[in-house]
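Below: the structure, in structure tokens.
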């Protein structure tokens, strides 16, 4: 069961768990001789001057800071210690869904585990995934600790709405479905019959304009929106687009995922 949770956007990954192979920057304020950059050994320990061997693997930076402050207090009065993870080896992000494909590589998609070496935002990660032309970003989501995180993939990646960006945390899972079932087909007497990706707010007139507008043979007051129901049956909605263009926008039908817009053609 997934629980939808709102998190402040732009929150740092404070609960990162240090692992073997991580590189740490340790600073002791006022004592540069005790400050160092160190890599966590395979046994999970680090060596700190004047302190000795310290178990770092399995701790968060905050927890390791508390341990170091206690140990360093034997040689420095009231020490102020800072621990920063500068290179990560325990920072894995998982991607699932058919909407992700590798850039230029048609042999498969980019689903699976991705190892990151530094703190990475959602936008940075999406930019590294390759082509997203088949991705249904409007219905993509992130799962963290079995909770669905509410953030707008489409508004972030397509619209540049940085308020939707978040810092990814270890073991986050991104689910990115494909957009095949949600594509909009515009056919008939339009300049460029086309297939469009669905996005919220599209109307009949929007998709006709995106298809280049009517041809000279179009029956502008005989446009059909073919919509498939959940039971598999189809329904047809007739739209008088010519009347819409005269200013009567009250009947400008909203487009739904999977709609087919048919502009009928007049032979005379």
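Read the figures in this text as sums done on the coordinates, not as results from a lab. A quick note: this is a predicted structure, and the numbers were derived from the prediction, not measured. Neighbour counts run over all protein chains shown; Cβ positions are idealised from the backbone, glycine included.
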Per the helix-only model, the chain has a calculated mean residue ellipticity at 222 nm (DSSP H runs of ≥4, -39500 (n - 2.57) each, divided over all residues, rounded to the nearest 500) of -3500 deg cm²/dmol
Once you put a point 7 Å from the Cα of residue 62 and another 7 Å from the Cα of residue 50, both along the Cβ direction, what distance in nm separates them? 2.7
Could you state the number of Å between the C-alpha centres of segment 38-71 and segment 150-222? 50
When the scattering of the chain is computed by the Debye formula from its Cα atoms alone, each counted once and equally, what is log10 I(q)/I(0) at q = 0.11, 0.14 Å⁻¹? -0.76, -1.01
FRET efficiency for residue 92 and residue 36 from the Cβ-Cβ distance with R0 = 30 Å, rounded to 0.05, comes out at 0.65
Figure the gain on full extension for residue 25 and residue 248 (residue separation times 0.36 nm, minus the Cα-Cα span) and round it to one decimal in nm. 73.8 nm
In terms of the alpha carbon gyration tensor, root eigenvalues a ≥ b ≥ c, rounded if a/c is under 1.5 and otherwise prolate when a/b exceeds b/c or oblate, segment 192-243 is oblate
Using alpha-carbon positions, the gyration tensor of segment 91-180 gives root eigenvalues a ≥ b ≥ c; with a/c under 1.5 called rounded, otherwise prolate if a/b exceeds b/c, else oblate, the class is rounded
Mind giving me the FRET efficiency for residue 224 and residue 171? R0 is 41 Å, r the Cβ-Cβ distance, nearest 0.05 is fine. 0.30
Among rounded, prolate and oblate, which fits segment 18-174 when a ≥ b ≥ c are the square roots of the eigenvalues of its C-alpha gyration tensor, a/c under 1.5 means rounded, and a/b larger than b/c means prolate? prolate
Helix 61-72 axis, angle to the chain major axis (alpha carbon atoms, nearest 10°): 10
If the chain between residue 217 and residue 73 were fully extended at 0.36 nm per residue, the gain over the current Cα-Cα distance would be 43.2 nm
Just to be sure I understand: of the beta bridges DSSP finds with both ends in the chain, what percent are antiparallel, rounded to 5? 80
